1. To the nearest 500 deg cm²/dmol, what mean residue ellipticity at 222 nm is calculated for the chain from DSSP H runs of n ≥ 4 alone, each contributing -39,500 (n - 2.57), summed and divided by the residues?
2. Evaluate the distance, in nm, between pseudo-label points positioned 7 Å from the Cα of residue 285 and of residue 81 along their respective Cα→Cβ axes.
3. Take the alpha-carbon centre of region 174-234, take the same for region 34-80, and report the distance between them in whole Å.
4. Where nothing but the Cβ of Lys and Arg (+1) and of Asp and Glu (-1) is charged, how large is the charge dipole of region 7-183 around its Cα centre, in debye to the nearest 20?
5. Out of the GluC sites (Glu not before Pro) in region 116-203, which ones are loop residues according to DSSP with at most 13 other C-beta atoms within 10 Å?
6. Pick out, in residue order, every one of the trypsin sites (Lys or Arg not before Pro) in region 218-313 that is DSSP loop and has at most 15 other C-beta atoms within 10 Å; say none if there are none.
7. If we count every other residue with Cβ under 11 angstrom of residue 352's Cβ, Lys/Arg +1 and Asp/Glu -1, where does the sum land?
8. Could you tell me the convex hull volume per residue, in Å³, taken over the Cα atoms of region 7-183?
Amino acid sequence: MPDATPLEAAMPMDEAAMRAVDRALAAMRRGEAVAIETADGSVGAAVSVESVAIDAVQRLMQLTGASPVLAVTRRRAMVLKLMEEGTGVVALSLPRCLTADEAHALADPEHRPDGNMPDGLTATAMDPGSRETAAVDLARLARLLPAAIVAPAPGHAGSAAAWAAEHDLLLVRARDIADYRVHVVRTLRRVAEARVPLSGAENTSIAAFRPIDGGPEHLAIIVGNPVEGEPVLARLHSECFTGDLLGSLRCDCGQQLRGAIAEIARHGSGVLLYLAQEGRGIGLVNKLRAYRIQDRGFDTVDANEILGFEADERVYLPAAEMLRQLGFNAVRLMTNNPEKLRQLARCGIEVVERVPHIFPANGHNEGYLRTKAERSGHMF
């Protein structure tokens, strides 16, 4: 799970920088190349591996005059047995030009039927401020596979902005991509609230919090009338389309959601934060990919890592900001996950008590629950 960064520790972003990242995210999801400028003023181009076209590598070479590399997370490089344990981003390169098919095969486990590595493949760890790191972060923010094809533009003359304009590319700065997630939390605003009686919790209202980037709203389900300024019984629930809405038996999310609302109602009052962090932060599409990998015999942690993600990509800055805006700085947290306790405390919310939140297995999720206990430290 990525470390939480206190809101006050992050550098502010201006509106132009925010718009640049927003537009770059949309371009990357469309499969377009974007220009990335690093702190030293150098520039290059990147395109998402997931949406890369057959001719994209050649186009990057024409744009930049350099051979592209494949940027992947170190987690994915470890799965490929190209790197030892660690974090960050790794650049994979060949003595010759990398092809789009090779990039797909290295980045996406669904495109690796034979397991053979291209001859001469090398792996190099990249610095946090590099184009490669920024490109992978951009893909991750776009809910795509965390991998990108990246090429520097070593011979460009003049400013990065001029080079991007000459080649009709959106330009974004690496440092703005790095700061984006924290800055978006700063912009969360309570935009709507209404009374929504629930079965077993009729005195309930729902408040919606929207970030300025136009991303999905986070919701606060407020049961009863919790007293502001006092420790509130709270549950942080990451959305789960398959479990919450469809009743999937692969996880315990639906049980946890409905059970938490029922328990808060029995207590008399409290808050359930419904966070837009599907699939432990990797998104619904990537969660479905992880399910396919699990069907081949891997557990949920392995599946995320095979895709190139950490075992848990969630952050809890949005939850902390929502609690503060609701008037709460301390919680009695309903959870089995000790990492939630640590991360929420790092975000400035005092956890005065952990309230266990346990449900029995259903015949389909024993392995999932066992993995959470044995590999993620959940307390059952």
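No lab work stands behind these numbers, since they all come straight from the coordinates. All values reported here derive from a predicted model rather than from experimental measurement. Cβ placement follows ideal geometry from the backbone for every residue including glycine, while neighbour counts extend to all protein chains displayed.
1. Numbers: 14 runs with 136 residues, N = 380.
One gets -10500 deg cm²/dmol as the mean residue ellipticity at 222 nm.
2. Reported label-point gap for residue 285 and residue 81 is 3.1 nm.
3. Going from one Cα centre to the other spans 36 Å.
4. Details: 17 positive and 24 negative charges, 38 e Å.
Value, rounded to 20: 180 debye.
5. Details: sites: 132, 166, 193, 202; in loops: 202.
Sparse-neighbourhood loop GluC sites (Glu not before Pro): 202.
6. Numbers: sites: 235, 250, 258, 266, 280, 287, 289, 292, 296; in loops: 250, 296.
Listed in order of number, the matching sites are 296.
7. Numbers: positive: 332, 354; negative: 230, 350, 353.
Net charge in that neighbourhood comes out at -1.
8. Details: hull volume 20.0 nm³, N = 177.
It is 113 Å³ per residue.
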